[in-house]
Amino acid sequence: MNQGWKRSTAASIATAPETTNESVPEATVEMAAAKSRTSNRRAWLFAVGGVVAVLVVLVGIKATQIVAMIKSGKSFAPPPEAVTSTKVEAVRWEASRPAVGTLVAVRAVTVASELPGLVREIGFDSGAFVRRGDVLVKLDTSTEEAQLAAAEADASLAKTTEQRARKLREKESNAPADLDAAESRAQETAANAAVLRATIAKKTIRAPFDGRVGIRQVELGQILAPGTAIASLQSIDPIRAEFWLPQQTLADLQLGMKARLHTDVFPQQSWQGAITTINPEVDVATRNVRVRATFPNADGRLRPGMFANVEVLSNDERPELVIPATAVIYAPYGDSVFALEQKEKALVAHQKFVRLGERRGDLVAVVSGLEAGETIVSSGAFKLHNGSTVMVRNDLAPTAEAAPQMTDK
């Protein structure tokens, strides 16, 4: 038994080194792989940590910049805007009634030929000013002049025969019927000559009044039929404006009342005139009355057919608060202006909404929203917002007038 145990022990001892020598390389590989994985994990951790650290640094720098920008934005003050200023004025305006009218000539005709004939002479140029009686067109009258010569000779013979018959009748040397026949013959021949003279005169077409002719519509050598238009003739100094007013104005409307005219052709100029005609009939469809006002037009700027804005002025005056029209910012949600207020060392503009009234020239009336004496921005308001700081430069301010006049400057 002891010998068997010894043999098994020796066998196990003999085989033990072989088993140990075969298992050592496998453990070493596993340990090396584990160490490699550990080192890779650490490398990744270090890389991720570095990226995170860089991001944290960048975020911190950007946050510092943003905070600095916010602080500088809070303390930033934009430079003041250059504007002009004016005060709200309390004035008295004449009461007026506006209307839309059309300019018409005091006298206007289309000059035409009454008789047929051949154009031999034209005595005017298109657009020229002519006086009453000036020859415009002469037609050929050679046939009528020849007939007139024969008629005058016949009339002269008839007149002589009449005188001879009258003398014989005084001596009772002829019958009363002979004298009557001679007188009738003399009258007939004189009438024939007068008809020819009238025909010749009608073939010389003259201006019926002073005025300016339009574009010529005939040429030399043209044969005119009766009624053929030659040119229009307009008397435009003075000129009339025709417009309509509601029937309620009849209580105050009178001849001679002052009127003022504006036209968009000459926006900087106005004309002063007076009411000269009030139609006695009120239109049954519109309940308006037709009115005419007459205006001087020595320079001929106003032309018949032009559109015009007319104001009928009364002797009554009413108080108004007025500002330059350039101070108003027009918007669909409401018109507004910028009022100026002194705060510490700066002028600050505050937006105020206003309700506007009548406009005259460069000025507009304010119904509500402002008080007399307030200082407002008169020009440059379009670049402001509520609370803007401004710098007043009134040396650049344009003048504002209720009735501006055009100058040569």
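The values are calculated or read from the model by the stated rules, or taken from the named source; none is laboratory data. Being a predicted model, the structure only gives us computed values, none of them experimental. Every residue, glycine among them, receives a Cβ derived from its backbone with ideal geometry; neighbour counts consider all protein chains shown.
Being out of contact with any Leu (no Cβ under 8 Å at 6 or more places or on another chain) and modelled with pLDDT of 90 or more narrows it down to one residue among 338, 353; which is it?
On the way: 338 fails: out of contact with any Leu (no Cβ under 8 Å at 6 or more places or on another chain).
Checking each option against the conditions leaves just 353.
Take residue 86 and tell me if it is within 30 Å of residue 369 (Cα to Cα), touching a strand residue (DSSP E or B) at 6+ places or on another chain (Cβ under 6 Å) and at pLDDT 85 or above.
For residue 86, the condition - within 30 Å of residue 369 (Cα to Cα), touching a strand residue (DSSP E or B) at 6+ places or on another chain (Cβ under 6 Å) and at pLDDT 85 or above - is met.
Anything in region 312-330 that is loosely packed, with under 12 Cβ neighbours inside 10 Å and over 22 Å from residue 400 (Cα atoms)? List them, or say none.
315, 316
From 249, 199, grab the single residue that is within 30 Å of residue 297 (Cα to Cα), hydroxyl-bearing (Ser, Thr, Tyr) and either surrounded by 17 or more Cβ atoms within 10 Å (Cβ to Cβ) or not assigned by TED's automatic domain parsing to the domain that holds residue 118 (or both).
Result: 249 is the single residue among 249, 199 that is within 30 Å of residue 297 (Cα to Cα), hydroxyl-bearing (Ser, Thr, Tyr) and either surrounded by 17 or more Cβ atoms within 10 Å (Cβ to Cβ) or not assigned by TED's automatic domain parsing to the domain that holds residue 118 (or both).
What number of residues in region 339-379 are in a strand (DSSP E or B), within 30 Å of residue 78 (Cα to Cα) and of a type in the set (Gly, Ala, Ser)?
Qualifying residue count for the region: 5.
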